[in-house]
Amino acid sequence: MQLDEIESFDKITIQCHDNPDADAIASGFGLYLYFKSKRREVCLIYSGRFQIQKPNLKLMIEELQIPIVHYPVSEQMVEGILITVDCQYGAGNVTKFNVENVAIFDHHQIEIDNVMLSVINSNLGSCSTLIWSYLKKHNFPINENVNLATALYYGLYSDTNQFTEIYNPLDLDMRDDLQINKSQITLFRNSNLTLEELGIAGVAMLRCIYNEDYHYAIVKAQPCDPNILGLISDFLLQVDGVNCCVVYNTLTDGYKISIRSCSKEVQANELAKYLTRDFGSGGGHFEKAGGFISLKLYEKRYPMLHSEAYFSNCMDEYFESFDIVYMQDYQFVENTWEHFREREAILGVVNFSKLLPKGTSVIIRTLEGDIEVVVSENSYIMIGARGEVFQIGKKKFEEKYAVIEDAFHMEMDYTPTVKDKNTGKSVELLQYAKACVTVGGTCIYAKKLQKSIKIFTTHESERYISGYAGDYAVVPVNNINDIKIIKKDNFDNLYEKDLV
Ligand SMILES: [Mn+2]
């Protein structure tokens, strides 16, 4: 969708979900300013029974001069076009107005699929990020308006538990790019809780489910600001005997989850993905992560199962289902592995030392996370077809690959960027990449996983790589320590049977 499709309407109403949060308000504000600059007649509204009460939101609206108004339910027709932000027209958490033309900007799970003008990116930490990327694409000078920049930043900040549960690279880009008023963020942050919510947090902790076999805790909180979930989970993790915890509550459209772990055998981001895998999304960092489960999809799958039982079962299943392998103790028995050969593939390659001075510290941002690299003469950066990035030595590159073209083009969900840590300047990696092809495919051993596994490799003993049943463990024949996991849906693309 392009913003001009909406711009063709003279009257534009932007609606946040009922009981709007900082993200909904910031998203609406962004679109409001954009269409205002196009001289459209715009208004920013929310509806529902309750007016905004939360002290941080009242402050946000006042300090950043956000012209949002409460619009009570009415039979009245809304003229022009109605845009719902941070929610989907027709869904349960937003009052439905009688209107002919509708557009949707959201980052939750898709619930409504019959609206033509809609962008729903469920992988983003906030709807503010979606709006930010749209405004940028349309050359709107976001950083010239510090109120807008601060609002968008606070939207992401509060939707990702103070950035601890952030995982999408676009979210990181926005966080790094916005020029904000820091003292205002401090002000909002310190009026985040009401006394009532303090009570909710207290009561929730009294009803903690504790599993002494696996040392995890589960807490269900009453409806409250999602930030309280992070607060409870940070607190729980400090309890002796609790190595990992899941804190959640029920929203109108699903379960919002906050996860913490201090055990090296449980990475919070991986656990978040596991708990939400069939009906939501999740991710974050090794110690802190978050996620969301769509109630509609959950109820379809488990019509009778209450949420406490789901989380307990799923946690037990998680702890029981994984084999943990420490490669340093692993006995490699060749005849339990099969021979494969890498298929010919086209990748991108960047000779980093030609791009940046030797010794420069950079962050390469990819869909799979940030990678920190120091530029050296002998290292090349490789880019896979899905936008994954890895480093390779010059010598190894010359053995394995041949450059075939001076340019490398590939459609990706997120094209990797390189950011100079000192200057803060970013460039797109692809524009410096050449295309190369694998020469005489490397021979590998592969093994199909019969059950889920966590592997601590010899070069990384603090963090594991994980795979599920059906995925493959792969090691090069000439270096059995260099183990990796290949997802089942990608294995056949990358390898073919080697008949030796
Ligand atoms: Mn949101």
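Among the residues of the stretch 286-314, the one identified as closer than 16 Å to Asp234 by Cβ and in contact with a Phe, Trp or Tyr (Cβ under 8 Å, 6 or more places away or on another chain) is Ala289. Would you please name the residue that is nearest to Lys54 (Cα to Cα), looking only at residues in the stretch 201-241 that are surrounded by 15 or more Cβ atoms within 10 Å (Cβ to Cβ) and small (Gly, Ala, Ser)? Among them, the one singled out is Ala201.
Considering the stretch 64-89, and only residues there that are crowded, with 19+ Cβ neighbours inside 10 Å and among the polar types (S, T, N, Q), the residue that is farthest from Ile180 (Cα to Cα) turns out to be Gln88. Just one residue in the set Asp213, Asp240, Asp176, Asp234 is of a type outside the set (Val, Ile, Thr) and either at pLDDT below 90 or farther than 28 Å from Glu317 by Cβ (or both); that residue is Asp176.
When the criteria are applied in full, Gly424 fails the requirement of being touching a Pro at 6+ places or on another chain (Cβ under 7 Å) and on the phi > 0 side of the Ramachandran plot.
Annotation: Asp21 fulfils all but one of (1) surrounded by 22 or more Cβ atoms within 10 Å (Cβ to Cβ); (2) modelled with pLDDT of 95 or more; the unmet one is (2).
Comparison of Ile392, Ile465, Ile404 shows that the only residue that is farther than 22 Å from Leu356 by Cα, outside the structural domain of Asp173 (by TED's automatic domain parsing), surrounded by 15 or more Cβ atoms within 10 Å (Cβ to Cβ) and among the β-branched types (Val, Ile, Thr) is Ile465.
Could we say that Ile61 is in contact (Cβ under 8 Å) with a residue 12 or more places away in the chain, surrounded by 13 or more Cβ atoms within 10 Å (Cβ to Cβ), assigned to a loop (DSSP other than H, G, I, E, B) and of a type in the set (Val, Ile, Thr) here? Considered against the rule, which asks whether it is in contact (Cβ under 8 Å) with a residue 12 or more places away in the chain, surrounded by 13 or more Cβ atoms within 10 Å (Cβ to Cβ), assigned to a loop (DSSP other than H, G, I, E, B) and of a type in the set (Val, Ile, Thr), Ile61 comes out as no. For the structure I just gave you, tell me whether Asp323 is farther than 26 Å from Arg386 by Cβ, surrounded by fewer than 12 Cβ atoms within 10 Å (Cβ to Cβ) and in contact (Cβ under 8 Å) with a residue 24 or more places away in the chain. Criteria met by Asp323.
Residues are listed down the side, and each one gets a yes or a no for (1) charged (D, E, K, R); (2) under 22 Å from Met410 (Cβ atoms); (3) not in a strand (DSSP E or B):
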| position | (1), (2), (3) |
| --- | --- |
| Tyr445 | no, no, no |
| Lys451 | yes, no, yes |
| Ser461 | no, no, yes |
| Ser466 | no, no, no |
| Gly470 | no, no, yes |
| Val474 | no, no, no |
| Asp482 | yes, no, yes |
| Ile485 | no, no, no |
| Leu499 | no, no, yes |
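Among the residues of the stretch 298-320, those that are among the aliphatic types (A, V, I, L, M) and surrounded by fewer than 17 Cβ atoms within 10 Å (Cβ to Cβ) comprise Met304, Leu305, Ala309. Among the criteria (1) surrounded by fewer than 22 Cβ atoms within 10 Å (Cβ to Cβ); (2) touching a residue at least 40 places away in the same chain (Cβ under 8 Å); (3) under 23 Å from Lys451 (Cβ atoms), the one Asn269 does not fulfil is (1).
Counting only residues that are polar (S, T, N, Q), within 15 Å of Lys296 (Cβ to Cβ) and surrounded by 18 or more Cβ atoms within 10 Å (Cβ to Cβ), the stretch 90-124 holds 2 of them.
When Ile25, Ile52 are checked against the criterion of being within 16 Å of the ligand (Cβ to nearest atom), aliphatic (A, V, I, L, M) and out of contact with any Cys (no Cβ under 9 Å at 6 or more places or on another chain), Ile52 stands alone in meeting it. Filtering Lys425, Lys454 for residues that are in contact (Cβ under 8 Å) with a residue 12 or more places away in the chain and out of contact with any His (no Cβ under 7 Å at 6 or more places or on another chain) leaves a single hit, Lys454.
Against the condition assigned by TED's automatic domain parsing to the domain that holds Ser126 and within 16 Å of the ligand (Cβ to nearest atom), how does Ile45 come out, does it pass? Spelling it out, it is not the case that Ile45 is assigned by TED's automatic domain parsing to the domain that holds Ser126 and within 16 Å of the ligand (Cβ to nearest atom).
Restricting attention to the stretch 1-42, report how many residues are touching a Phe, Trp or Tyr at 6+ places or on another chain (Cβ under 8 Å), more than 21 Å from Met116 (Cα to Cα) and part of a loop (DSSP other than H, G, I, E, B). Residues flagged as touching a Phe, Trp or Tyr at 6+ places or on another chain (Cβ under 8 Å), more than 21 Å from Met116 (Cα to Cα) and part of a loop (DSSP other than H, G, I, E, B) within the stretch 1-42 amount to 4. Of the helices (runs of 4 or more DSSP H) lying entirely inside the stretch 99-183, those containing at least 3 residues that are more than 28 Å from Leu193 (Cβ to Cβ) and more than 16 Å from the ligand (Cβ to nearest atom) are 127-137, 169-177.
The values are calculated or read from the model by the stated rules, or taken from the named source; none is laboratory data. From a predicted model like this one, the values you see are computed outputs, not experimental measurements. Neighbour counts run over all protein chains shown; Cβ positions are idealised from the backbone, glycine included.
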